[in-house]
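S.K.: Pasting a structure here, questions to come.
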Amino acid sequence: MKWASSLSTQSNLEASVEECARKIKENLQDLPAHLSVIFVSPHFKDEYERVPEILRKHLDPGVLLGCSGGGIIGGGQEAEQKAAVSLTVAHLPDVEIQPVYSDTMDLPDQDTGPGVWREWLGVAAEKSPQFIFLADPFSFRGEEFLSGMDFAYPNSRKVGGLASGAQRQGGNALYLDDKIYRNGLIGVALSGNIQLDTIVAQGCRPIGQPMTISKCSQNLLQELGGRPPIELLEEMAATMDEYDQKLIQTSLFLGVEMDPLKDDPVQGDFLIRNLMGADRSTGAIAIGAELREGMLVQFHLRDKKTSAEDLDLLLTRYQDQSSAQSVQGALLFSCLGRGEYLYGEPNHDCDLFKSRLGDAPLGGFFCNGEIGPVGQSTFLHGYTSSFGLFKPTT
């Protein structure tokens, strides 16, 4: 297994693709490409249809996967608000690569068995596939699809993102081999001598203590430990410094613990969801998630400082694992709300990745939504950096 990644910021599409392909050939040292992942900025939206043809003039890509992106990541660098193309290529001699496409609007019934979902997708679970998914944000039933995938492939990792750069349906491009889709979902199932690890940095830090939901109705959080959540928040805020008090007003979220068997959840174990509104007469809060009594939850705050600390914590935790040294390549699916917009400087997440995990080739793009697991379940996130890290199993 060998990976390579490159980035070009030339303003001419063919020159940009050619530059990426040339760098890839140099890095792969004449090894054949089995999987190529390409991301193209909206500066080339009038030429999206030409991308596969141009690439094949300069490189035999093997299976081609990619999409348009409002910001582009390649060669461990981030390119925002400028013309850019990135190409990340893998030589995978002992890996089966199966392309996947679905319009995702006509999903199997949620009450059907896992075999129905596997037949619908056309991927056998016995091969222990790992998935990369790319989707159009305007035509993707995200949570239902990902829930179905977890049901059908409970032991498989899934990572990816929603195409970006367009403001309406039909404006984004999804690339799968020589076909170009304007809606739905594309992806690849990877089986054989390949392991997919994931790091999902949701950019938040916990405040207060984990609490158990004692009363709720669908997405309405009514009581925590027998008390209204607004009352608890007001008590918590009174003990905080002025900076965190301001964050509570603008950047407060609820984390839902995703592994009920875990006695002592830590940062990163919680699924972060938005607060949708509050009812001061009852002290209840509406949450952007379905709730159940008995769930363990904890309030979280987000800003650029906590976002940076969260990613550093998770990368360091992964770095401390002995298997981290065998990572051969990585893809980063980062929210459009991160990058320079959040940190005020370029390459923040990429530079942090390099500082913790070295020079593993890193490509990706800035998404309209990020796909990655929290606990044993896969979710569609916002404001997140979701990494897929690839290494051989043997």
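S.K.: With everything on Cα atoms, drop me the angle between helix 13-28 and the longest principal axis of the chain, reported from 0 to 90° to the nearest 10.
M.R.: 90 degrees
S.K.: Let me ask another. What ranking do S36, S128 get, fewest neighbouring Cβ atoms within 10 angstrom at the top?
M.R.: By the 10 Å Cβ count, ascending, the order reads S128, S36.
S.K.: Would you work out the charge dipole size for segment 205-301 about its Cα centre, treating the Cβ of every Lys and Arg as +1 and the Cβ of every Asp and Glu as -1, and quote it to the nearest 20 debye? Could you put the intermediate results ahead of the total?
M.R.: Values: 8 positive and 15 negative charges, 53 e Å.
It works out to roughly 260 debye.
S.K.: Still on this structure, please answer the following. Using a/c under 1.5 as the rounded threshold, could you call segment 240-294 rounded, prolate or oblate? The axes a ≥ b ≥ c are square roots of the C-alpha gyration tensor eigenvalues, and prolate needs a/b larger than b/c, oblate otherwise.
M.R.: Numbers: a/c = 2.26, a/b = 1.30, b/c = 1.75.
Oblate, since a/c reaches 1.5 and b/c is not below a/b.
S.K.: What nm distance separates the two modelled labels at T212 and K305, each placed 7 Å from Cα along Cα→Cβ?
M.R.: 3.4 nm
S.K.: With a cut-off of at most 11 other beta carbons within 10 Å, and DSSP calling the residue loop, which trypsin sites (Lys or Arg not before Pro) in segment 247-351 qualify? Please list them. Mind dumping the intermediate values first?
M.R.: Working: sites: K262, R273, R280, R292, R302, K304, K305, R317, R338; in loops: K262, R280, R292, R302, R338.
Those that pass, being in a loop and sparsely packed, are R280, R292.
S.K.: What distance in nm separates the simple spin-label points at Y343 and L107, each placed 7 Å from Cα in the Cβ direction?
M.R.: Rounded to a tenth, the inter-label distance reads 3.3 nm.
S.K.: Something else about it: Considering only T212, T384, T239, give the residue with the highest GNM mean-square fluctuation for the chain, with springs between Cα atoms whenever their separation is below 10 Å.
M.R.: Ranking T212, T384, T239 by mean-square fluctuation puts T239 first.
S.K.: Determine, for Y181, Y243, Y343, the number of other Cβ atoms within 10 Å of each Cβ, and report the residues in order from fewest to most.
M.R.: Numbers: Y181 20, Y243 10, Y343 15.
Fewest to most other Cβ atoms nearby, the residues stand as Y243, Y343, Y181.
S.K.: Label segment 205-301 by shape, choosing from rounded, prolate and oblate, from the square roots a ≥ b ≥ c of the eigenvalues of the Cα gyration tensor; if a/c is under 1.5 it is rounded, and otherwise prolate applies when a/b is larger than b/c, oblate when it is not. Can you show the working numbers first?
M.R.: Working: a/c = 1.59, a/b = 1.13, b/c = 1.40.
The shape class here is oblate.
S.K.: Using Cβ counts within 10 Å as a stand-in for footprinting exposure, how do F145, F387 rank, fewest first? Intermediate values should be presented prior to the final figure.
M.R.: Numbers: F145 23, F387 27.
Ranking F145, F387 by Cβ neighbours within 10 Å, fewest first, gives F145, F387.
S.K.: Another question, if that's okay. Quick check: the angle from helix 229-238's long axis to the longest principal axis of the chain, C-alpha only, nearest 10 degrees?
M.R.: That helix lies at roughly 90 degrees to the long axis.
S.K.: Among rounded, prolate and oblate, which fits segment 248-361 when a ≥ b ≥ c are the square roots of the eigenvalues of its C-alpha gyration tensor, a/c under 1.5 means rounded, and a/b larger than b/c means prolate?
M.R.: Numbers: a/c = 2.97, a/b = 1.60, b/c = 1.86.
Cα axes put segment 248-361 in the oblate bin.
S.K.: Please give the net charge around V256, taking every other residue with its beta carbon less than 14 angstrom from that of V256, where Lys and Arg add +1 and Asp and Glu add -1. It would help to have the intermediate numbers written out before the result.
M.R.: Working: positive: K262, R273, R292; negative: E143, E257, D259, D269, E290, E293.
Once positives and negatives cancel, what remains is -3.
We did not get these values from a lab; they are worked out from the coordinates using the rules stated. Only a predicted model underlies this, so the values are computations on that prediction, with no experimental measurement involved. No Cβ is skipped: glycine too gets one built from the backbone with ideal geometry, and neighbour counts run over all protein chains shown.
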